[in-house]
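Since the structure comes first, as structure tokens, the remarks are kept for the end.
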Amino acid sequence: MELGADIVIHSATKYLSGHNDVLAGAVIVHDEKLYEKLVYKLNTTGAVLSPFDSYLVMRGLKTLSLRMERATKNALKIVAFLKKLPSVKEVLYPGLGGMISLKVIDRNKIPDILNHLQVFTFAESLGGVESLITYPAEQTHHDIPLEIRESYGLTDDLLRLSIGIEDVRDLIEDLKEALEN
Ligand SMILES: *Cc1c(COP(=O)(O)O)cnc(C)c1O
């Protein structure tokens, strides 16, 4: 909004709710008239979040800062661990939050790696309390032509981790077992 947007649309499904149990989003406006127009429209068409889903978002928000702190702390330790593994070619991490991408040396081992993991769940979401792993080339980005996804680094050897708030020793042990087998 500081950059001049009239309306900001923000997902609340991921970190804001934080428990992988609700689909939600927020429409944020500055202008009072626009706000009233939107509220009227939503109220009359009924395209709003249910009371229970709203409750889940509000409950999740209360622990947002704690969850982010812990996810970042865990992620930093996992990045340091992954960088030392001979089976890992590259680790991508922005330095904050729980999202890590890694490229493996041998992409043929990816099905085995995914099968071996016990603490990480092989699932597409992100931003929750539990750690998840996805294989974007075969899941979220399967529909995108190879040349296009490779042009922005989404190669067939890339795995994406969403780090949760578990004990980091369990997460590192799990990755070690899976990546070194
Ligand atoms: C992220 C996600 C969606 C989309 O939610 P948005 O609020 O649009 O970001 C839908 N389903 C699952 C399982 C997701 O992880």
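At a glance:
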{"item": "Residue list for the range 71-81, restricted to those being touching a residue at least 40 places away in the same chain (Cβ under 8 Å) and either within 16 Å of Glu173 (Cβ to Cβ) or among the small types (Gly, Ala, Ser) (or both)", "result": "Ala71, Asn74, Ala75, Lys77, Ile78, Phe81"}
{"item": "Residue satisfying condition, being among the aliphatic types (A, V, I, L, M), modelled with pLDDT of 95 or more and in contact with a His (Cβ under 9 Å, 6 or more places away or on another chain), within set Val129, Val168", "result": "Val129"}
{"item": "Number of the condition not met by Thr72 [criteria: (1) under 18 Å from Ser125 (Cβ atoms); (2) under 14 Å from the mean Cα position of the chain (by Cα)]", "result": "(1)"}
{"item": "Lone qualifier among Pro86, Pro136 - being assigned to a loop (DSSP other than H, G, I, E, B) and more than 16 Å from the ligand (Cβ to nearest atom)", "result": "Pro86"}
{"item": "Subset tally (residues that are exposed (fewer than 15 other Cβ atoms within 10 Å of the Cβ) and modelled with pLDDT of 95 or more) for the range 132-142", "result": "0"}
{"item": "Residue in the range 55-70 that is in contact (Cβ under 8 Å) with a residue 60 or more places away in the chain and crowded, with 16+ Cβ neighbours inside 10 Å present", "result": "yes"}
{"item": "Single condition Asn74 does not satisfy, out of (1) surrounded by 12 or more Cβ atoms within 10 Å (Cβ to Cβ); (2) within 16 Å of the ligand (Cβ to nearest atom)", "result": "(2)"}
{"item": "Selection within the range 139-165 - part of a loop (DSSP other than H, G, I, E, B) and small (Gly, Ala, Ser)", "result": "Gly153, Gly164"}
{"item": "Selected residue (criterion: surrounded by the fewest Cβ atoms within 10 Å (Cβ to Cβ)) from residues of the range 90-104 that are in contact (Cβ under 8 Å) with a residue 40 or more places away in the chain and under 19 Å from Glu177 (Cβ atoms)", "result": "Val104"}
{"item": "Subset of the range 117-133 [part of a strand (DSSP E or B) and over 10 Å from the mean Cα position of the chain (by Cα)]", "result": "Thr121, Phe122"}
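One line per residue, one yes/no per condition, for (1) closer than 29 Å to Asp157 by Cα; (2) in contact with a strand residue (DSSP E or B) (Cβ under 6 Å, 6 or more places away or on another chain); (3) modelled with pLDDT of 95 or more:
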site: Asp6; (1), (2), (3): no, no, yes
site: Leu56; (1), (2), (3): no, no, yes
site: Gly60; (1), (2), (3): no, no, yes
site: Lys73; (1), (2), (3): yes, no, yes
site: Ala80; (1), (2), (3): yes, no, yes
site: Ile113; (1), (2), (3): yes, no, yes
site: Phe120; (1), (2), (3): yes, yes, yes
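The values are calculated or read from the model by the stated rules, or taken from the named source; none is laboratory data. A quick note: this is a predicted structure, and the numbers were derived from the prediction, not measured. With ideal geometry, Cβ positions are generated from the backbone for all residues, glycine too; neighbour counts draw on all protein chains shown.
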